[in-house]
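The values are calculated or read from the model by the stated rules, or taken from the named source; none is laboratory data. No experiment lies behind these values; they were computed from the predicted model shown. When we count neighbours, we look across all protein chains shown, and the Cβ atoms used for this are built from the backbone with ideal geometry, even at glycine.
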Amino acid sequence: MDWTPTAGEREVEQAAARYAREVLAPAAERLDRVGGFPHANVAAAAKAGMLGINVPRALGGREAGPVAYSLAITELAQACAATTVALAVNNMVAEVITTFGNSDQKTEHVPRLTDGTYGVGSFALSEPGAGSDPGGMRARARRSDRGWVIEGSKLWITSATDAGLFVVWVRTSDAPGARGISAFLVRGDAPGVVPGKPEHKMGQNGSTTTALDFNEVEVGPEALLDECNRGFRIAMMALDGGRIGVGSQALGIGLAATEIARRHAIEHPELAGSEAVQWRLADAATTLDAARLLVLQAAWRKREGLAFTREASIAKAFASEKAFAATQRALEVLGELGNTRRTAAERHFRDVRVTMIYEGTSEVQRIVLARGIMRRFGDPA
Amino acid sequence: MEFELGEDDRLLVDSVAELGRQHIEPHAAAWDEARALPRELSALLREHGLLALRVPAERGGTGLDALASAAVIETLARADASVALTVAAHNLLGAAVSDAEHLVGWGSATQVQMRREGEDVVIDAMCQHALLPTTAGTIVVAGEGLAFAVPRESSGVIADRDETLGMRAADLGPLRLHTVRLPATAELRPFDADAAVAAMLVGLGAIAVGLSSSALLRARDYALQRQQFGQPIATFQAIQWKLADLATGLDAARLMVRKAAATGDPIAAARAAIKAADVAIRGCSEALQIHGGFGYTREYPLERWLRDARFCGLFANHLTTGRTAIAHAIAARFC
């Protein structure tokens, strides 16, 4: 096993670090206060090549692969987790269309996702009654003379206020559960696509999350992504890749909070000399190192074309939970100062908490993992 | 040990619960958002005897003992932790420093210097994290064996308000006394600093217990109602165990807080506050998790409760310099 990033992957990581330092970091605190979609950051991300890291050059991407993507996301998240989620979802939308789209769909949409023409792309999967169980979705598309008419309500849609393109999952047959679901490509400005008001959230305020209504939205036959009624596996593929992204993002937030605590301790000898402080930092270093390796393992398997569903779930559940814990340990090192906005650690604490929820909760990861584990026990071969 | 409240105290706690349901809980989210409690709230608290919890009835106070007082704080915390913290801080010194008209704040000073000039004392002090520094009429500043009741309007009192992670509606921030001249009577003598810290820790523990109890009820109700995979999520064992663990921790924490209140033992208070805060942080986080994406939004109180619980943990650890005081007490007893 050798997950040492290649020189090309390191180059992307460094480009991400530069963009994070020069663009994201100076704006992060204000963005957290003011909220809303991070327009300026996204525009700069297009220039920095952060909108299509694992997308072919021919379609405007960097073609740097999943490991580079993971490394870049971790760098971005250390500066601004909110912008990171908007960028990460855009990257995954571009990847999904690259993987499942026909050549017309690819040339129509992917370059617009990687050069920022669309602002960002977004996924619309969850619904008020279908979160952990996307098979319970109710939104539908019915055939019409000119293609399809989409009707339904989605929830928790990242960047829905400003996304130029959505990948939308809806029912296209009466088959139960995961069967009978199809994916469509729908422009953000299509008539009848109506985002709700941005949710007020605990953190990640610099990314918008809203409900998204599809009111009799008419699309042509070219909007159907891949085969009819076979969209659920596209969602699962998007989630697998997304989980590497969330794990990488959580890792970045945990690292950033820990670094604040480390610096604070070094500046205060009575803290630096305390085992309670030292051990908190030692534990954070241990768990975040492990998280880094798990995230890299999943990204490396994806790069090598190996199955990585299991590894992505492990990485996502572990990294998000350990990053949350590391952020808490950082607050404890800061003491009452940690409760104030005098340091960014309190933002990191609020930002990291959702990584245990979106892209499949920790509970869902364990369901996915347990299913595989039990199957393995049942099949001695 | 008997931790049950008497009939009168129980009625009072019930009336505080009603006050909380009617007049506090419905506004808690808005106060958190505004990062302030409304001025009118003081009058409401005063009306219900909450600004004189420990002042004897014959002096016009509510006349509660420490156990009943902790129960009142816990009950207030179920409605809003910032209000409970404000009331706990105000009543910290009981009858020793009480003010029926204005709030009484608190500041642990890291450096204190005092010199006497004739009938006056002149004080320099720095409190990094004071309670009610910008809204109290009087702030008790204590440190290095000294304690003073400082009118906030005194010349040389420099108070600021922090933007905070938890307890956003409460008034928290740094307080500096820069050559503040006060009459010698402002010095509190004798002053039992351990008792003051113990009272604060019991208050923090009670607040954490209130948060845990709110989180448990809310998460249970949601788990029973929310359907995924064709069944209420409360039917999943993983969710059941989260609730069972929270309920177990809640019982333990509440008993510890009551024991600390009843005995007044500073070490019992440290143990109770730390345990109660740990249970609340974990419990509020799990309750948030059970709510999924809804828990992360501010339409629901879970994220606020988690932030408030986080404050309890940070503040409790500081007051006792972490678990050090407990460890020293253990060593003294058993080594």
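The table for this structure:
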item	result
Some residue of the stretch B:208-221 being among the hydroxyl-bearing types (Ser, Thr, Tyr), within 14 Å of chain A (Cβ to nearest Cβ) and within 25 Å of B:His291 (Cα to Cα)	no
Matching option when the condition is aliphatic (A, V, I, L, M) and in contact with a helix residue (DSSP H, G or I) (Cβ under 9 Å, 6 or more places away or on another chain), among B:Ala89, B:Ala34	B:Ala89
Any chance B:Leu131 is closer than 26 Å to B:Gly20 by Cβ and either in contact with a strand residue (DSSP E or B) (Cβ under 7 Å, 6 or more places away or on another chain) or not aromatic (Phe, Trp, Tyr) (or both)	yes
Failed item in (1) among the basic types (Lys, Arg); (2) over 17 Å from A:Thr309 (Cα atoms); (3) crowded, with 24+ Cβ neighbours inside 10 Å, with A:Arg262 passing the rest	(3)
Residue pairs meeting the criteria (Cβ under 9 Å; at least 6 apart or on separate chains; first within 19 Å of A:Ala315 (Cα to Cα), in the stretch A:229-244; second of a type in the set (Lys, Arg) and crowded, with 21+ Cβ neighbours inside 10 Å)	A:Asp240/A:Lys302; A:Gly241/A:Lys302; A:Gly242/A:Lys316; A:Arg243/A:Lys316; A:Ile244/A:Lys302; A:Ile244/A:Lys316
Condition met for B:Asp160 (more than 19 Å from B:Asp308 (Cβ to Cβ) and touching a strand residue (DSSP E or B) at 6+ places or on another chain (Cβ under 8 Å))	yes
Among the candidates A:Thr327, A:Thr287, A:Thr309, residue that is surrounded by 24 or more Cβ atoms within 10 Å (Cβ to Cβ), out of contact with any Cys (no Cβ under 7 Å at 6 or more places or on another chain) and polar (S, T, N, Q)	A:Thr327
Residues being within 22 Å of B:Asp194 (Cβ to Cβ) and more than 20 Å from the chain's Cα centre (by Cα) - total across the stretch B:114-137	4
Single residue of the stretch B:161-197 satisfying the filter (without any contact (Cβ under 8 Å) to a residue 60 or more places away in the chain and part of a helix (DSSP H, G or I)) that is nearest to the other protein chains (Cβ to nearest Cβ)	B:Ala193
Residue identified as in contact with a Cys (Cβ under 8 Å, 6 or more places away or on another chain), buried (at least 21 other Cβ atoms within 10 Å of the Cβ) and either at pLDDT 95 or above or under 19 Å from B:Leu132 (Cα atoms) (or both) among B:Ala208, B:Ala198, B:Ala219	B:Ala208
The stretch B:116-173: number of residues that are over 21 Å from B:Gly94 (Cβ atoms) and aliphatic (A, V, I, L, M)	12
Residue list for the stretch A:356-380, filter: touching a Gly at 6+ places or on another chain (Cβ under 8 Å) and either more than 10 Å from chain B (Cβ to nearest Cβ) or of a type in the set (Val, Ile, Thr) (or both)	A:Ile357, A:Glu359, A:Thr361, A:Val368
Set A:Thr117, A:Thr84: member being surrounded by 23 or more Cβ atoms within 10 Å (Cβ to Cβ), more than 14 Å from chain B (Cβ to nearest Cβ) and not aliphatic (A, V, I, L, M)	A:Thr84
Any hit, the stretch B:287-297, residues being under 16 Å from B:Ala208 (Cα atoms), crowded, with 24+ Cβ neighbours inside 10 Å and at pLDDT 95 or above	yes
First in the stretch B:48-75 and on the phi > 0 side of the Ramachandran plot, second anywhere and polar (S, T, N, Q) and not in a helix (DSSP H, G or I), Cβ under 6 Å, 6 or more apart	B:Gly49/B:Thr62
The stretch A:292-325, subset under 29 Å from A:Ala261 (Cα atoms) and of a type in the set (D, E, K, R), residue nearest to the chain's Cα centre (by Cα)	A:Lys316
Those residues of the stretch B:42-56 which are closer than 25 Å to B:Arg307 by Cα and surrounded by fewer than 20 Cβ atoms within 10 Å (Cβ to Cβ), in sequence order	B:Ser42
Residue within the stretch A:84-100 that is assigned to a helix (DSSP H, G or I), free of Cβ contacts under 8 Å to residues at least 40 places away in the same chain and small (Gly, Ala, Ser) present	no
Those residues of the stretch B:116-160 which are without any contact (Cβ under 8 Å) to a residue 24 or more places away in the chain and either within 14 Å of chain A (Cβ to nearest Cβ) or assigned to a loop (DSSP other than H, G, I, E, B) (or both), in sequence order	B:Gly118, B:Glu153
Residue tally, condition surrounded by fewer than 19 Cβ atoms within 10 Å (Cβ to Cβ) and out of contact with any Gly (no Cβ under 8 Å at 6 or more places or on another chain), over the stretch B:110-125	10
Test: residue in the stretch B:261-269 that is more than 14 Å from every other protein chain (Cβ to nearest Cβ), closer than 23 Å to B:Phe3 by Cα, buried (at least 18 other Cβ atoms within 10 Å of the Cβ) and modelled with pLDDT of 95 or more	yes
Count of the stretch A:179-195 residues which are surrounded by fewer than 20 Cβ atoms within 10 Å (Cβ to Cβ) and within 13 Å of A:Ala223 (Cα to Cα)	2
Matching option when the condition is of a type outside the set (S, T, N, Q), crowded, with 23+ Cβ neighbours inside 10 Å, at negative phi and under 20 Å from the mean Cα position of the chain (by Cα), among A:Ala25, A:Ala15, A:Ala45, A:Ala40	A:Ala45
The one condition in (1) assigned to a helix (DSSP H, G or I); (2) closer than 30 Å to A:Glu127 by Cα that A:Cys228 fails to fulfil	(1)
Checklist (1) out of contact with any helix residue (DSSP H, G or I) (no Cβ under 7 Å at 6 or more places or on another chain); (2) away from every other protein chain (no Cβ under 13 Å); (3) in contact (Cβ under 8 Å) with a residue 12 or more places away in the chain applied to A:Thr286, failing item	(3)
Residues of the stretch A:332-346 that turn out to be more than 9 Å from chain B (Cβ to nearest Cβ) and either among the acidic types (Asp, Glu) or surrounded by 24 or more Cβ atoms within 10 Å (Cβ to Cβ) (or both), as a count	1
